[in-house]
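Below is one structure. I have some questions about it.
The values are calculated or read from the model by the stated rules, or taken from the named source; none is laboratory data. Everything quoted here is computed from the prediction, not taken from an experiment. Counting neighbours? That spans all protein chains shown, and the Cβs are built from the backbone with ideal geometry, glycine included. Note: accessible area is taken over every heavy atom of the protein model, side chains too, but ligands, DNA and RNA are not part of it. Shrake-Rupley method; radii C 1.70, N 1.55, O 1.52, S 1.80 Å.
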Amino acid sequence: KKIDQLYQCLRYCENNFCCRRTMQLEFFGEAFAKNKCNKTCDNCRAGRSSETRDMSAVAKEILRLLGEVTSQGTGRTTL
């Protein structure tokens, strides 16, 4: 439980996109609409937004390469 709270705190500090007020209130179990923030937090004021990318092809290639390396029978994987 305590370690989860520590990680939540870390995610809060490192998050550059989500509304801080929303994150704070959700932590305490309350709902808050981001549009009510009115750019009072640093993240909303900055106006940044996350970008969604399909990384499926890259992930498949990494898995393919990892499978290729491990099938070589060395018993070790060096990246």
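Restricting to the stretch 25-56, what's the tally of residues that are without any contact (Cβ under 8 Å) to a residue 12 or more places away in the chain and part of a loop (DSSP other than H, G, I, E, B)?
The total comes to 13.
Another question, if that's okay. Tell me which residues, restricted to the stretch 17-38, are under 19 Å from Ser50 (Cβ atoms), open to solvent by 70 Å² or more (accessible area, probe 1.4 Å) and in contact with a Lys or Arg (Cβ under 9 Å, 6 or more places away or on another chain).
Result: Phe17, Arg21, Lys34.
Is there a residue in the stretch 45-67 that is touching a helix residue (DSSP H, G or I) at 6+ places or on another chain (Cβ under 7 Å) and open to solvent by 100 Å² or more (accessible area, probe 1.4 Å)?
no
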